[in-house]
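Trainee: One structure coming up, written as structure tokens, with questions to follow.
The values are calculated or read from the model by the stated rules, or taken from the named source; none is laboratory data. Every value quoted in this text rests on a predicted model; they were computed, and no experiment measured them. Here the Cβ positions follow ideal geometry from the backbone for every residue, glycine too, while neighbour counts run over all protein chains shown.
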Amino acid sequence: MKKHSNALALAAICLLATLTGCATDDRRLEDAAIKQGIAEARAILPKLPEQCRKEFAHAGLTVGGEIRSVLKRERRQLDLANATIRACAVQYDKLREELR
């Protein structure tokens, strides 16, 4: 009976040591994940360029002006606004890729 309880005690100690090792590994993984999350959350984004905040006014109206010239100026304003939006989107997409 003594031999049986010694073997049982040895098995219990081995099991406890194994489980303690797993818990330590799990804790290390959890700590590493927390540290990685904090590091990623601390990414400091650069200031958004002013051109990305710029608002574009409509083309000015002149009394007695030809409607086609107003339309042409309005189109130029719209083209400029769209080009600015595209440039800002490209910059944002690059930044997102760099942070991955």
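Trainee: Which of the residues that make up the range 38-78 are within 30 Å of the chain's Cα centre (by Cα) and surrounded by 11 or more Cβ atoms within 10 Å (Cβ to Cβ)?
Mentor: At the first step, the residues of the range 38-78 found to be within 30 Å of the chain's Cα centre (by Cα) are 38-56.
Scanning the range 38-78 gives 48, 49, 51, 52, 54, 56.
Trainee: Consider only pairs whose beta carbons are under 8 Å apart and that are at least six residues apart or on different chains; among these, list those whose first residue lies in the range 82-100 and is within 13 Å of residue 48 (Cα to Cα) and whose second residue is outside any helix (DSSP H, G or I) and modelled with pLDDT under 90.
Mentor: Pairs that qualify, where the first residue is within 13 Å of residue 48 (Cα to Cα) and the partner is outside any helix (DSSP H, G or I) and modelled with pLDDT under 90, are 84/54; 84/56; 88/48; 88/49; 91/49; 95/45; 95/46.
Trainee: If you check 96, 86, 27, which single one turns out to be in a helix (DSSP H, G or I) and at pLDDT 85 or above?
Mentor: One residue alone meets the criteria, 86.
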